[in-house]
Structure formats: structure tokens, C-alpha cells
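Only one structure is covered here, and it is reproduced in the block below.
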Amino acid sequence: SCVAPARVPRLAVPVRASAEPAAPKPKPKAPQQMLVYSPPHPLIKHWLAILRSNFTPPPMFRSACAELGRLLIYEAMREFQPTMEQQVETPLGAIADATICDPDQPIKVIPILRAGLVLLEQAQQVLPFHQTYHVGYVRDPATLQATAYLNKLPAKLAPTDLFLITDPMLATGGTIVIEDIVARGGRAENIRVVAVVVAPPALKKLADKFPGLKIYTAMIDEQVDERGYIVPGLGDAGDRAYGTP
Ligand code: URA
């Protein structure tokens, strides 16, 4: 789904611009090192345990993944979601200062099929203004190299565009989609990745190539096996979410 910012209604109550424009926020300096953030939160730990369990059936797997994704998306948007200052009139006739998400800067959400779709649904609920670009990759079981079978990214992206990639498992790569975004004009420091579990090989690759990137995850696991599965991990996230035998 695609939300065109120009057609999105403003707040239902009359909104007046502040008399004085807010002072521009100082731009944070581009970080020099990739950041991997794993919020120390009991609910995140709980839903991760449900996802890991071999006895969790697909409907419960999907809802646990969704809950966990929602919490991580909140964290990922903390310093990322552009806002604007306005004033709103309340039912008491009072004027309150209000901070709202900027409709002119929708977050471009990029779900990696299939399992990224579970997290996409949460992103669509959480983000007031967003656009969605599906991408799908298939991995060669022998070489573990991924190639795209679906890519809905626009041919041209702007350096100011803001991206949220949702991919539950960052095992060996995750690099392709980021390379693609950068090749089309986007900037790595404007990308946030939400992943349930990540593994060192992917982190190493991404840190080397994209120092400005920020990754939000429930857990950094220890290793990746010869088939490309994260260990201890949670299995094939797409198969488990959708009950693929
Ligand atoms: N993708 C998955 O679904 N699981 C893994 O362990 C690694 C990649």
C-alpha cells in the first residue's frame, strides 16, 4: 500500500501553524560506525523465546513476530521519524503545542519477502505516513548468494529519503537491498533495519560497507551453519510464519 502524503488529511481538528517557526534542529553528525541496537526489554525477550521454540505453531509465530517487530520499530523510529511542530485546538477551546509526524517525509518501508511481511503490517500500523516497496530474494543453496526475484524499488531515490527495511533474519547478507538503495541514490545513514535475529557474518559485511547504518534487533546470535541458518536462531522464518512444510 502506498500513502501519498499530499492526499493524507491533516489532523481532524483545525491545525494552526505556530506563530513563530520552530528553530531548526541541529543536524546530527553522520555516525562513523554501524550501530546494532538490541533494546534490553522483557517483552522483547519474551516474544523472542516464543519465536525460538520449536513448538510454536504458525499463527502464534506470526503474532509473536509482529509484537516483537512493533517494539523494535518504535525504537528504530525514536531518532529517525521526522516531525513538525504545530498547534491544535482541544475540546476545551485551549491551544496546545503539538508535535506530529511530517506527512511530506513518509518512511519508505521495504519488506524482504516472505517473512518481512509480518513486520511490514506492524510498520504500516505504527507509521502515520509511509510508502511500501516489496523486494524478494532467493538464495542459491550451494553458494548462499541471493538474487532478486521481485524488486519494487523506484529507479531513482533521493539522498534525503528515509528507509525502514524489515527482515526478521539477517544471516549472511542483507547487503543486496542496501546496495540497491544506495545505487539508486539513497544513503546508508538514512536506512534503519529491523531484524528479529542477526548473526555476525551479516553484521561484519554490513559494518564494512555501510558505516552509517543502524540495525535494531532482539538478539545477536552466535553463528550461521553451512546451510546459512542462524544458530540457535529460530529456523526458516518464512516457513514458520506461513506454515510451509
Ligand atoms: N533466514 C531464515 O529464515 N532463517 C535463518 O536462520 C537464516 C536466514
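The values are calculated or read from the model by the stated rules, or taken from the named source; none is laboratory data. What you are looking at is a predicted structure, and each value in this text was computed from that prediction instead of being measured. Cβ placement follows ideal geometry from the backbone for every residue including glycine, while neighbour counts extend to all protein chains displayed. The accessibility values were calculated without ligands, DNA or RNA, using every heavy atom of the protein model including side chains. Shrake-Rupley method; radii C 1.70, N 1.55, O 1.52, S 1.80 Å.
Summary of values
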{"read-out": "Cβ pairs under 9 Å, 6+ apart, first in the stretch 228-239 and within 16 Å of PRO59 (Cβ to Cβ), second more than 6 Å from the ligand (Cβ to nearest atom) and part of a strand (DSSP E or B)", "value": "LEU234/VAL196; LEU234/VAL197; ALA237/VAL196; ALA237/VAL197; GLY238/LEU113"}
{"read-out": "Every residue from the stretch 106-134 that is within 15 Å of the ligand (Cβ to nearest atom) and outside any loop (DSSP other than H, G, I, E, B)", "value": "PRO111, ILE112, LEU113, GLY116, LEU117, VAL118, LEU119"}
{"read-out": "Of all residues in the stretch 165-196 being hydroxyl-bearing (Ser, Thr, Tyr) and modelled with pLDDT under 95, the one that is nearest to the ligand (Cβ to nearest atom)", "value": "THR172"}
{"read-out": "The stretch 211-222 - residue that is open to solvent by 10 Å² or more (accessible area, probe 1.4 Å) and at pLDDT below 95 and, of those, nearest to the ligand (Cβ to nearest atom)", "value": "GLU222"}
